[in-house]
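First comes the structure, then the notes that go with it.
The values are calculated or read from the model by the stated rules, or taken from the named source; none is laboratory data. Bear in mind the structure is a predicted one, so any value in this text is a computation, not a measurement. Please note: Cβ atoms are built from the backbone with ideal geometry, for glycine as well, and neighbour counts cover all protein chains shown. Surface accessibility is based on the protein's heavy atoms, side chains included, excluding ligands, DNA and RNA. Shrake-Rupley method; radii C 1.70, N 1.55, O 1.52, S 1.80 Å.
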There are 4 protein chains.
Amino acid sequence: MAHSQIVTCIDELEQHARTHLPKNAFDYYSSGANDQRTLAENRAAFYRLRFLPRILRDVSQVDLGVSLLNGTQTLASPICIAPTAMQRMAHPDGEIATARAAAASESLMILSSWSTTSIEDVAAANGNAGARWFQLYVYRDRAVTAQLVKRAEQSGYTALVLTVDTPILGRREADIRNGFRLPPHLRLANFSETDSKATGVSITDKKDSGLAAYVAAQIDQTLTWKDVKWLQSITKLPIILKGVLSPEDATLAVDHGVQGILVSNHGARQLDGVPATIEALPGIVAAVGSRCDVYLDGGVRRGTDVLMALALGAKAVFVGRPVLWGLAYKGEEGVQIALTLLQQELKLAMQLAGCSKLADLTPSLVVSASTYTHAKL
Amino acid sequence: MAHSQIVTCIDELEQHARTHLPKNAFDYYSSGANDQRTLAENRAAFYRLRFLPRILRDVSQVDLGVSLLNGTQTLASPICIAPTAMQRMAHPDGEIATARAAAASESLMILSSWSTTSIEDVAAANGNAGARWFQLYVYRDRAVTAQLVKRAEQSGYTALVLTVDTPILGRREADIRNGFRLPPHLRLANFSETDSKATGVSITDKKDSGLAAYVAAQIDQTLTWKDVKWLQSITKLPIILKGVLSPEDATLAVDHGVQGILVSNHGARQLDGVPATIEALPGIVAAVGSRCDVYLDGGVRRGTDVLMALALGAKAVFVGRPVLWGLAYKGEEGVQIALTLLQQELKLAMQLAGCSKLADLTPSLVVSASTYTHAKL
Amino acid sequence: MAHSQIVTCIDELEQHARTHLPKNAFDYYSSGANDQRTLAENRAAFYRLRFLPRILRDVSQVDLGVSLLNGTQTLASPICIAPTAMQRMAHPDGEIATARAAAASESLMILSSWSTTSIEDVAAANGNAGARWFQLYVYRDRAVTAQLVKRAEQSGYTALVLTVDTPILGRREADIRNGFRLPPHLRLANFSETDSKATGVSITDKKDSGLAAYVAAQIDQTLTWKDVKWLQSITKLPIILKGVLSPEDATLAVDHGVQGILVSNHGARQLDGVPATIEALPGIVAAVGSRCDVYLDGGVRRGTDVLMALALGAKAVFVGRPVLWGLAYKGEEGVQIALTLLQQELKLAMQLAGCSKLADLTPSLVVSASTYTHAKL
Amino acid sequence: MAHSQIVTCIDELEQHARTHLPKNAFDYYSSGANDQRTLAENRAAFYRLRFLPRILRDVSQVDLGVSLLNGTQTLASPICIAPTAMQRMAHPDGEIATARAAAASESLMILSSWSTTSIEDVAAANGNAGARWFQLYVYRDRAVTAQLVKRAEQSGYTALVLTVDTPILGRREADIRNGFRLPPHLRLANFSETDSKATGVSITDKKDSGLAAYVAAQIDQTLTWKDVKWLQSITKLPIILKGVLSPEDATLAVDHGVQGILVSNHGARQLDGVPATIEALPGIVAAVGSRCDVYLDGGVRRGTDVLMALALGAKAVFVGRPVLWGLAYKGEEGVQIALTLLQQELKLAMQLAGCSKLADLTPSLVVSASTYTHAKL
Ligand SMILES: Cc1cc2nc3c(=O)[nH]c(=O)nc-3n(C[C@H](O)[C@H](O)[C@H](O)COP(=O)(O)O)c2cc1C
Ligand SMILES: Cc1cc2nc3c(=O)[nH]c(=O)nc-3n(C[C@H](O)[C@H](O)[C@H](O)COP(=O)(O)O)c2cc1C
Ligand SMILES: Cc1cc2nc3c(=O)[nH]c(=O)nc-3n(C[C@H](O)[C@H](O)[C@H](O)COP(=O)(O)O)c2cc1C
Ligand SMILES: Cc1cc2nc3c(=O)[nH]c(=O)nc-3n(C[C@H](O)[C@H](O)[C@H](O)COP(=O)(O)O)c2cc1C
C-alpha cells in the first residue's frame, strides 16, 4: 500500500505500520501477553459466529446513530476509540490527531491516563462538538488520582472509564526482549516530574519493560469495590468499568451503581488465556440486562465484527490498535480513514443483513458456527 | 494441464483459469467478500458431512433425471448453471458458449441480468430444446425492470430468478484494489446506453470497483415482499427467490407464493460471515417442506457435493464458477467438460452410495462429522 | 532409511516406497478417491480417540492369540493382511512373498481376486500351516465367479471375503492422470486370456485408468442380497462381507447369515466422504452384537490403532498398504518386518494399557477426545 | 538468546538446549512416544481452557505457600521438580545442580531412581533445608528395590513416589534411531556394577534404545496393588503413585492407602494416545475428593498452566523438561532461572485473576473453551 493508494481494510493499515514504525513501538502496540493466544482468539472468535441475514427489507436509509448512558451521550455511530497509551510514538501529533479525527468522524474518544499529550490539550483538539471520556488508572497516591479526575471533569470529559484489569502489567514478551521504555523525547503528559514519582516510567529495570516497572511502582494493587464507591464520592461523572469478563463481576458492577461495563481483555495484553471478548459478551449482557450499558472492545477489525457485537447486545464497540495503525499511516487523516472504513463496512453489513438501524440488531442475527457443525441432520 | 490432456476435476479447470485469465478478470470471478471466510466455508462445510453408503443394491441403471416446479420443468440431471455476470471476460463467446453447452448437456441455465450477451441472443443459442431461466435484478427504474421481464418471457425463459441478497454489492477487496470495471470492448448487453443511466457501470469511482458503483446507483434498495407481489402482477412466470439463508424468510417466501427458493450466499460474495449454503439448507428444507422447490448453489465442485445437497433436500444444484472456469478453458467445449465431469461424478457417487435414482437420496445418507467426533463410545 | 538400518515404524516403510517405487505404482497403491479426505480421516480419526490405561496389573505375560469364526480359525495375533491387488508391482515375488511372510508371522492373509499370482501358487507358498482367505469380486459372468470360488476351496482358503463396496471403481485421480494400467509383464493371474473378456484390463480407455475400465466392463453392478444367498448355495465356506459402513447393512448381513463383517471403506479408495472405519466401527458392533465377527481395516499403522479397534469391538484388524510398503522394501522379509513391527507395538501398547490378553480389551479403554475437550469443568 | 540476555520464558530455554546439547541427549530429553501426539496434547490442552478472572480484589500481597501430605510438607510455592533420569547428560553437575537450585528456590525435588548422582550425594547437595522425595522403580530383584528405599529414608527423602506407568519403556523413536544409550563416562549412580545385573543399561540391543533394553531386563512387570502393600510394609514414608490417569485407579489408590496421586503420563513418553494430564485431572480430583493429595505433571511451561492445574484441584505441579533445559543452559543457575520464571508467572497470573492465595483458586476460575465455542446464543 503506497500513500497514494486506497486503504481497503484495517489489516492493510496494520501491515503498513509493521513496516514503517520502529520495531519497539510496533511491538509495544501490537503485542499480547505471553503466548498471545487470547490475542489470536479475539479475532478467531468472530470467525466462529455466523450471520443469519434477512432479505427483502428496505435498506435504502441506514441510521448508525446510537445513544449511550441513558441518553446523555448521542453518537453518529457506535464505533468509538479505546484508550491506548503513548500515541505520539505512532505519529508526532499523537493524541491531538486522534482527538481531531474523532471529532471529524463524530466518534467518541477515550483518552488514556498515560497519554503523551495532556488532558487539557486533547480536550482542546477534540473541541466543543467532540465527545470524550477519560480512562482512569488509580494510583497508590490518591491525590494524584483525584487530580486526574478533576482535570478530566474540567476539560469536558463526560465519563470516567475505570480500568480494572491492570493491578499489574501483563507480560508482553516482546517488550521485555526489547527493553521497551518511552522514548526520551516523550513523556506521560498528565504527570509532573515531581508528581509522586509518577515519572517512574524512566526507571530502567533490566529484567523487564520500563512500563511494567512503572506500573508495579505506581498503580494501586489493593483496589476493590469500596474504591469504586470512593471514586463515586469525588465525582459526578458516570463511571464505566473497563475490563470485565465474568458475569458475576458484571452483576457486582451494576449493584455498585456503575453506568457502563466495557467487556474487554485489554487487547489480550493482561492475562493470557481469558476468553475472546465477543465470547464473553453474551454472558455479561444476560447478567446485567438493561440495568446499565454494555460495550465491547478487542479484535474489532471489520464492520461485520461490529455488527456481531451489537447484535449480541453491545451498545457500542471500541477499537484500540486500528486507531494506532491509522495514526502511524497518516496522523489525523489516517485515524479518519480507519474510522470511516469501519463505519462504511458496518453500514454495508447492516444493509446486507436486512437492517437499517441499530434497534434492528438482535441476537437472532447471529448463531454459533457449532449450531451448524454439530447439527443433527 | 495442457489442452490435450484429460480434465480430471473442476479444481484443475480453476487452476488453468488462474494462470490464463487476466488477473482482474480472474479476481472478479474467484473472489468472495471481505476476508473470504464464507468462501472457504462453502467448500469446507461439505467436508464436515459424511456419507453412510448402502451396499448390495442394483446400481446398474442410474437415472439422474429430475422434474422441477411441479413437473413443468424436466431435466436430464439436477446439475444446473447459476447466473454469473459478464461471461465474455472469460471467453469471447461468453454466454453464447454457455447456452450452447447447457443445451448440449441437457442442463438448465440461468442467465444473469448482467450478461454481456443479450437475452435474445442467448435464447437463440440455447435453442428450442434448451432450458433457461432468467435472473432478475430489480432496478430503481421499474420500467427497466419490467422490460427485462417482458423480454425474458418473449425469449422462452421459463422462470424468473429474483436475486434478493444484493440490495448493494458486497465488498470484494481484490476488485477494489484492481479498480475493477468492465473492459471497454464489452457492455452489459441487456441495457441500452440511454436506459435510465444503466450504463452507470462505466462510472469510475476511484474508491471502489466500477460494478459496486453501478449497483449503488441502479439497484433498488427499498425492495420488500410487496415488490414480489408487484412482480407476480406483471408476469405469469414462476418466481424463484435467490439468496435465502434464514428459515423465517423461507417461510415468508412460500407464504408469498413463490415457486422455488435458491439457498445461496451469492458464492460468498455478499455478506461475509454467513453460513455455508450446505449448512443453511436443512433448516430451509424443514421450514418449507413440500410447499415449494428448494435448490442450492455455493461451492459445489464435486459429484459428492451434489449428492450431499440432494440427500439433504435440494431438488437441484447450481454451479457458478465451475462454468466460468470451463469457459476460460475452452469456451463451449470447456463448459461441457465441466458439466459432464460433475454429472459423471454424481452418477459414480450414487452407485457407490447404493442409489440409482434421485428419489433414493434421503437425509439418512448423510450425517454430520460431529456425530462421530462427538460420539459417546 | 538405508537397507541396513532398523525400521522404526510403518511410516518409514511408506517413505521408502515413495522414493523407490515407480510413480504410477506408488500412486496406485497410496491413492484414495477424489479429494482423499476419507484417506486422511482414516488416520486422523484414531488421533481423536484417547486411551484410559489401567495401572498395577501384571503384564509380564501377554497373549495376542485370537480365535475367529466361531473358533474355526485361531491366530497368534489379531493383525492380518487385507487383500490388495497386483502385488507384483511392488516386488517381483509379489503375493508369494506375502504368503510366505504371513505364514512365518503366523498371520492370516486374504488374497485378492486380482492377484498377479494364481490362487494355487499363493496357496502353495502359504503352505499347510498358513491361514488364508479368498477375496471375491462377483463377475457379470457367474461361471467365472463360481470358478474362482471352487479354486479357492480346493486350495485351502478357509473363508470367502465378498467385497461389496465396488460395483464400480472409485475415482482415483492420480491413476487417471497417470493413465494407470497393469505393466505388460504382469497379468491378473486368476483369469485366462479367454476367460469371458476378463483380460479387459488391458483395454486402453484414454479417459480413465485401465483398471476402472476393466471393472466397469467385468464386475456385476446388479449385485444384491439375493446374490449372497446364491453364493451360499455354491459354497460351504464361511462368508465375510467386506465394505460395510452402515449399521442397517450390518443387521441385514447377519440376517442373511454371513459369518463376518469387515468394516472397511476400501482404504478410502471408493466413495470419498464416508466415515473413517474406526468411527464406523462402534455403530456396527452395536448393531450385530455377538451374532457374527466384526473386523476392521483402514488406516491401521500403529499398534495403538490396533488396540483402539480391538477395544471398540473388532475381533481382528487387517492392513493393506503397510504390507505393500513392506513388499516394496524387501519382499518377504519386508512384509515380515511390517507385521512384526505392528505385533510388537500392539504388545507394548497392551502392557502400557494394563492388558495381557485380548479379552481384557473393552470399550472402557477408549474415549472420544471430545469427552475431554467438551467437558463441563 | 545469548548467555548475557534475559530469559523470557521456558520455551527460550528449550530453544537453547536444542541448539547446544548433543542431538542424542536432546532427543532423549525432549521426545514423546511414537507419533508424539500426547506430547503435543499435553501443551495444547491448556490452550483449550479459558480463565474467568475476577476484578477489584486486593492482590497486593500474594502468597504462593502450600502445604502437602496432611501438613507434613510445607513449600514456598506449588511448583516442584519432577524426577527425570540421567541429568548429567544436560550439565556436568547434573542432579547436584538441581538439588541446590531446588533448595535455593525453596522448591521440592523428586529424585529419579535412575539418577547419574547417588541418592546420598543429592541429599547432601539439597541440604537440611531442602525438600526431597524419592522416585522408585520396582526392580525384579526386590532386594535391590528395598535397598533403594532404605537409602532414601536414611538420606532424608520424605516421601516415595512410586512410578506405575512404566512396566516397560515406551517407544521413543528418536532413541531407537539414535541407538540411544548412557554416555560411557556416566552411570546410573544408585546401582553397583554387581547389583543384580542393574548395569544392564550398557547392553547394546541393536534393535532398540539401550534404556529400553535395560528396563525390559530389570523392571518388574508383574507389579500389582499387592506390591503397594508390600512397599508400605517396608517403609513408613508416605507413598505417592505417579502415572495415574483413570479415575477408577485413583479410587483404588486411595482405597490402598496412598497419600498422594501424581496425575502424569510420564511426559507423554509411555503410551501415546492417552489424554493430556490437565484433561485427566478433573476426573481424578472428583474421584478422590479430599481423601488424598492430587498433583499433576506434563506440559507445564507457564505460570498460567500452573494456575489452571491448581484451579482444577491439583495441590502442586511438577515440571520435568523445563528443569533439564535450565540445567543445559547454566547448571544450578539455569534451574533457578526456570523455577523463578514459573513462580513469577504464577504470581502475576494470580494477581490478574484476582487471587492472592492458593485457597482462592477454585474450578470456577476455569472453563472449557467449548463453553464458548458451543454456546447457544
Ligand atoms: C498499545 C496499547 C495501549 C493501551 N493502553 C491502554 C491504556 O492506557 N489504558 C487502558 O485502559 N487500556 C489500554 N489499552 C487497551 C485498549 O483500551 C483496548 O482494550 C484494546 O486495545 C482493544 O483491543 P484492540 O486493540 O484489539 O481493538 C491499550 C491497548 C494497546 C494495544
Ligand atoms: C463472477 C460471478 C458473478 C456472479 N453474478 C451474479 C449475477 O449476476 N446475479 C446473481 O444472482 N448471482 C450472481 N453470482 C452468484 C451466482 O449466481 C451463484 O450464487 C454462485 O456463483 C454460486 O457459487 P459457486 O460459484 O461457488 O458455484 C455471481 C457469481 C460469480 C462468481
Ligand atoms: C493398492 C490397493 C489395492 C487393493 N485391492 C483390493 C482388492 O483387490 N480387493 C479388495 O477387496 N480390496 C482391495 N483393497 C482394499 C484393501 O483390502 C483394504 O480395504 C484397505 O487397503 C485397507 O486400508 P489400508 O490400506 O489403509 O490398511 C485394495 C487397497 C489398496 C491400497
Ligand atoms: C528425560 C526424561 C526423563 C524422565 N525420567 C523419569 C524417571 O526416571 N522416572 C519417572 O518416574 N519419570 C521420569 N520422567 C517423567 C517425568 O517425571 C514427568 O512425568 C514428565 O517429565 C512431566 O512432563 P514435562 O516434561 O512435560 O514437564 C522423565 C521425563 C523426561 C522428559
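Which number comes out as Rg/Rh for the protein assembly as shown once both Rg and the Kirkwood Rh are worked out on C-alpha atoms?
Looking at the protein assembly as shown, the ratio lands at 0.99.
FRET efficiency for D:A143 and D:L186, Cβ-Cβ distance as r, R0 = 25 Å, nearest 0.05? Don't jump to the answer; show the numbers that get you there.
Details: r = 24 Å, r/R0 = 0.98.
Once rounded, the FRET efficiency stands at 0.55.
Gaussian network model of chain D, Cα springs within a sub-10 Å range: biggest mean-square fluctuation belongs to which of D:S113, D:S60, D:S192?
Answer for the Gaussian network model of chain D: D:S60.
With only Lys, Arg, Asp and Glu charged, each at its Cβ (+1 for the first two, -1 for the last two), find how big the charge dipole of chain B is about the Cα centre; round to the nearest 20 debye. Numbers along the way, then the final one.
Working: 37 positive and 36 negative charges, 63 e Å.
In debye, rounded to 20, chain B gives about 300.
Which percent, to the nearest 5, of DSSP beta bridges fully inside the stretch B:10-364 are antiparallel? Before the final figure, lay out each step's value.
Values: 4 of 31 bridges.
Percent antiparallel among DSSP bridges in the stretch B:10-364 is about 15.
Label A:D58 and B:D255 with points 7 Å out from Cα along Cα→Cβ: what is the distance between them in nm?
With each label point 7 Å from Cα toward Cβ, the separation is 1.9 nm.
Give the percent of DSSP beta bridges with both residues in the protein assembly as shown that are antiparallel, rounded to the nearest 5.
Of all bridge pairs located within the protein assembly as shown, approximately 20 percent are antiparallel.
Between helix B:94-104 and chain B, what is the angle of the helix's C-alpha long axis to the longest principal axis, kept within 0 to 90° and rounded to the nearest 10?
Tilt relative to chain B: about 30 degrees.
Modelled label-to-label distance, C:N128 and B:T362, 7 Å Cα→beta-carbon offset: nm?
5.5 nm
Residue by residue through D:354-364, how many Cβ atoms from other chains fall within 10 Å of the Cβ on average?
Going residue by residue through D:354-364 and averaging, the value is 1.
When chain A is treated as a GNM, springs tying every alpha-carbon pair under 10 Å, which of A:Q218, A:Q147, A:Q336 comes out with the largest mean-square fluctuation?
Ranking A:Q218, A:Q147, A:Q336 by mean-square fluctuation puts A:Q147 first.
Nearest 0.05, what FRET efficiency do D:R177 and C:S290 give at R0 = 56 Å with Cβ-Cβ as r?
Using R0 = 56 Å, I get an efficiency of 0.80.
Just from the alpha-carbon atoms, what are the Rg and Dmax of chain A in angstroms?
Just the Cα atoms of chain A yield Rg and Dmax of 19.8, 69 Å.
Please work out the FRET efficiency for the pair A:A40 and D:T19, using the Cβ-Cβ distance as r and a Förster radius of 25 Å; give the result to the nearest 0.05.
Between A:A40 and D:T19 the formula returns 0.40.
Measure nothing but the geometry: give the 0 to 90° angle between the long axis through the Cα atoms of D:277-288 and the longest principal axis through the Cα atoms of chain D, rounded to 10°.
Helix D:277-288 sits at roughly 80 degrees to that axis.
If you place +1 on the Cβ of every Lys and Arg, -1 on the Cβ of every Asp and Glu, and leave all else neutral, what size is the dipole of the stretch C:221-289 about its Cα centre, to the nearest 20 Debye?
Using Cβ point charges on Lys, Arg, Asp and Glu, the stretch C:221-289 gives about 300 debye.
Counting Lys and Arg as +1 and Asp and Glu as -1, each charge on the Cβ, what is the dipole of the stretch C:285-377 about the Cα centre in debye, to the nearest 20?
Charge dipole, the stretch C:285-377, about its Cα centre: 220 debye, nearest 20.
Cα centroid distance between the stretch B:212-281 and the stretch D:1-66, in Å?
53 Å
Ordering A:D360, B:D249, C:D63 by how much accessible area each has at a 1.4 Å probe, largest first, what is the list?
Working: A:D360 45, B:D249 0, C:D63 90 Å².
Per-residue accessible area, sorted high to low, gives C:D63, A:D360, B:D249.
Have a look at A:P238, A:P282, A:P22 and tell me which one the Gaussian network model of chain A (Cα, springs below 10 Å) gives the largest fluctuation.
A:P22
Does anyone have the angle between helix D:321-353 and the longest principal axis of chain D? Alpha-carbon axes, 0 to 90°, nearest 10?
Tilt relative to chain D: about 20 degrees.
Quick one: check the C-alpha center-to-center distance for the stretch B:118-165 versus the stretch B:326-357, whole angstrom.
26 Å
Output the Kirkwood hydrodynamic radius of the stretch D:1-144, Cα pairs only, in Å rounded to one decimal.
18.2 Å
So what is the 222 nm mean residue ellipticity for chain D from helices alone, if each DSSP H run of at least 4 adds -39500 (n - 2.57) and you divide by all residues, rounding to the nearest 500 deg cm²/dmol?
Values: 14 runs with 154 residues, N = 377.
Mean residue ellipticity at 222 nm (helix-derived): -12500 deg cm²/dmol.
Output, in nm with one decimal and in ascending order, the distances from the A:A286 label point to the matching label points of the other copies (7 Å from Cα along Cα-to-Cβ).
Distances to the matching label points in the other copies: 2.0, 2.0, 2.9 nm.
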